[in-house]
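Step one of this worksheet: look at the structure below.
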Amino acid sequence: MKIKIISIVLGVLCLGETYAQDSIQAKLDAMNSEILSLKKEDKTHFMLRGFAQFGLDAASDNVNFNMTSFNPILLWRQGDNFLFESELEMEYMSNQFGLNLGYANASYAVSKGLIVKVGKILIPFGTFGEKFHPSWVNKLSSAPLAVGHDGIAPMADIGVEIRGGLQLGKSKLSYSLYVVNGPRIKDGTEEPKEAGMLSFENMTDNNNNKAFGSRIGFLPFANSSLEVGVSGYYAMPGSAKSPFEGNSMNEDLNYRNVKAMLTALDFSFVKVFSPLKGIIDIKGQYNESNISKATYFNPEDSSRYSFTNKSSAYYAQIAYRPALVENDVLKNFELVGRYSVYNTPVGSLWQSKQSQIEVGLNYWFTWRTVLKMSYQMTDGAAGGSGMGSMSGMSGMSENMVLIHLAMGL
């Protein structure tokens, strides 16, 4: 009897173990099947790209090897509609390492001609800041006067953008509309000589107003060889409170009603010319900044001065590469020339008139690795009394040789 009971118990235990194993195996099989199904349908991808530039800058009084920039770009796509992208800007200059977030945003493709972006975006004001600033795309080692990060136009900001394109017969139309935090106006409390300038790329806004902007690009030809664009940008950069609050002498100075209107025109033409056996690439952009008249305080002599901040900057660039010649070495060379101008407002402590000519010879090892050799000549005048007089102007000129290797990663 005991033997029968023991046999029954052992049989039940074996059946239970067998059932448990079968149950676990069935769950594992189901999970494996689901994972394989997800892998087949998975459209999530990660990519690391970016660019770097380093080389030699030689002026009459200083010669330096430098690591100009290393900018990794992270790209992550989920499905057919979502894309995340970001750029880290790394620099080591003047014995200091700098790290900045160039941009970081998420995009959602609503349709073929409509994309919505949120986050820190590259501002489509003209084309240089958004399209041509990477070192291997920019055909010269430096940016045009006042068009780069230290210019009179926005490069990046936090907000929302709607962009896309339309087919108009054989022509095309691209568009962008955006709302961002906007710039701040420098009031002179921290940098007295920069009073009236705009400071872009603010992480937080200093008022309840937002900056609005747009760009329309028109490509009239079916091969998209020519593009003409127009941009506009409006902001109220002043704080609601006076920066001199508590200072009885200057607390009446307030910039909450100051308005800024920025405009830009851009031009791009790229075409293969068979008679020249090469490619002609022409680029140009004109920026203008108009900021309403305001009164500022000069702590150096305790005086006040007023001016309307009207600044302008433009550049024109042409490049030729004999890409159709049969010589495997000659076809990799490229000639580049650029002329740029930067004018700042009369009456400011930072008034200036500058012009720059840069000519270069490039050698392309691959389609995204280039050795750039250029000679840069900058001339102009800087200074000013802050009262509109030109008597404080002083001559300024600088010539430089730049040899840089730029790589697209």
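The values are calculated or read from the model by the stated rules, or taken from the named source; none is laboratory data. Just so it is clear, the model here is predicted, and its values are computed rather than measured. Note that we place each Cβ from the backbone using ideal geometry, even for glycine, and neighbour counts take in every protein chain shown.
Looking at the stretch 87-103, is at least one residue in contact (Cβ under 8 Å) with a residue 40 or more places away in the chain and under 16 Å from the mean Cα position of the chain (by Cα)? Yes; the residues of the stretch 87-103 include at least one that is in contact (Cβ under 8 Å) with a residue 40 or more places away in the chain and under 16 Å from the mean Cα position of the chain (by Cα). Got at least one residue in the stretch 181-190 being modelled with pLDDT of 90 or more, under 22 Å from the mean Cα position of the chain (by Cα) and either outside the structural domain of Leu262 (by TED's automatic domain parsing) or part of a strand (DSSP E or B) (or both)? Yes. For Ala240, state whether it is touching a strand residue (DSSP E or B) at 6+ places or on another chain (Cβ under 9 Å) and under 30 Å from Ser199 (Cβ atoms). Judged against the criteria, Ala240 is not a match.
So, Gly126, is that one in the same structural domain as Val370 (by TED's automatic domain parsing), under 30 Å from Thr369 (Cβ atoms) and not aromatic (Phe, Trp, Tyr) or not? Yes.
For Thr263, the conditions (1) β-branched (Val, Ile, Thr); (2) within 26 Å of Tyr178 (Cα to Cα); (3) assigned to a loop (DSSP other than H, G, I, E, B) are fulfilled apart from (3). None of Tyr255, Tyr175 is in the same structural domain as Ile318 (by TED's automatic domain parsing) and assigned to a loop (DSSP other than H, G, I, E, B) except Tyr255.
Residues in the stretch 180-208 that are farther than 19 Å from Thr263 by Cβ and surrounded by 17 or more Cβ atoms within 10 Å (Cβ to Cβ): Asn181, Arg184, Lys186, Asp187, Gly188, Ala195, Glu201, Asp205, Asn206, Asn207. Kindly establish whether Ser231 is of a type outside the set (Asp, Glu), outside any loop (DSSP other than H, G, I, E, B) and surrounded by 14 or more Cβ atoms within 10 Å (Cβ to Cβ). For Ser231, the condition - of a type outside the set (Asp, Glu), outside any loop (DSSP other than H, G, I, E, B) and surrounded by 14 or more Cβ atoms within 10 Å (Cβ to Cβ) - is met.
Gly383 fulfils the conditions (1) surrounded by 19 or more Cβ atoms within 10 Å (Cβ to Cβ); (2) modelled with pLDDT under 90 except for a single criterion, (1). Quick check: is even one residue across the stretch 328-351 under 30 Å from Pro237 (Cα atoms), small (Gly, Ala, Ser) and either modelled with pLDDT of 95 or more or not assigned by TED's automatic domain parsing to the domain that holds Ser141 (or both)? Yes; the residues of the stretch 328-351 include at least one that is under 30 Å from Pro237 (Cα atoms), small (Gly, Ala, Ser) and either modelled with pLDDT of 95 or more or not assigned by TED's automatic domain parsing to the domain that holds Ser141 (or both). Pull up the stretch 80-104, narrow it to residues that are at pLDDT 85 or above and exposed (fewer than 13 other Cβ atoms within 10 Å of the Cβ), then point me to the one that is farthest from Ile158 (Cα to Cα). This residue is Asp80. Considering each residue of the stretch 105-124, count those that are assigned to a loop (DSSP other than H, G, I, E, B) and either in contact with a Leu (Cβ under 7 Å, 6 or more places away or on another chain) or exposed (fewer than 15 other Cβ atoms within 10 Å of the Cβ) (or both), and give that number. Result for the stretch 105-124: 2. Filtering the stretch 229-280 to residues that are at pLDDT below 85 and basic (Lys, Arg) leaves only Lys241.
Scanning the stretch 252-295 for residues that are within 30 Å of Pro322 (Cα to Cα) and without any contact (Cβ under 8 Å) to a residue 12 or more places away in the chain yields Phe273, Pro275. Contact annotation: residue pairs with Cβ atoms under 6 Å, 6 or more positions apart or on different chains, pairing a residue in the stretch 160-183 that is over 16 Å from Glu130 (Cβ atoms) with a partner that is in a strand (DSSP E or B) and of a type in the set (Ser, Thr, Tyr), are Pro183/Ser199. Can you work out which of the residues in the stretch 293-350 that are in a strand (DSSP E or B) and among the β-branched types (Val, Ile, Thr) is surrounded by the most Cβ atoms within 10 Å (Cβ to Cβ)? So the residue we want is Val336.
The single condition from (1) touching a Ser or Thr at 6+ places or on another chain (Cβ under 9 Å); (2) crowded, with 20+ Cβ neighbours inside 10 Å that Leu166 fails is (2). The residues of the stretch 126-163 that are farther than 20 Å from Thr378 by Cβ, among the charged types (D, E, K, R) and crowded, with 23+ Cβ neighbours inside 10 Å, listed by number, are Asp157, Glu161.
Matching residues to (1) part of a strand (DSSP E or B); (2) over 30 Å from Phe333 (Cα atoms); (3) modelled with pLDDT under 55; (4) under 23 Å from the mean Cα position of the chain (by Cα):
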site	(1), (2), (3), (4)
Leu371	yes, no, no, yes
Thr378	yes, no, no, no
Met390	no, yes, yes, no
Asn399	yes, no, no, no
Met407	yes, no, no, yes
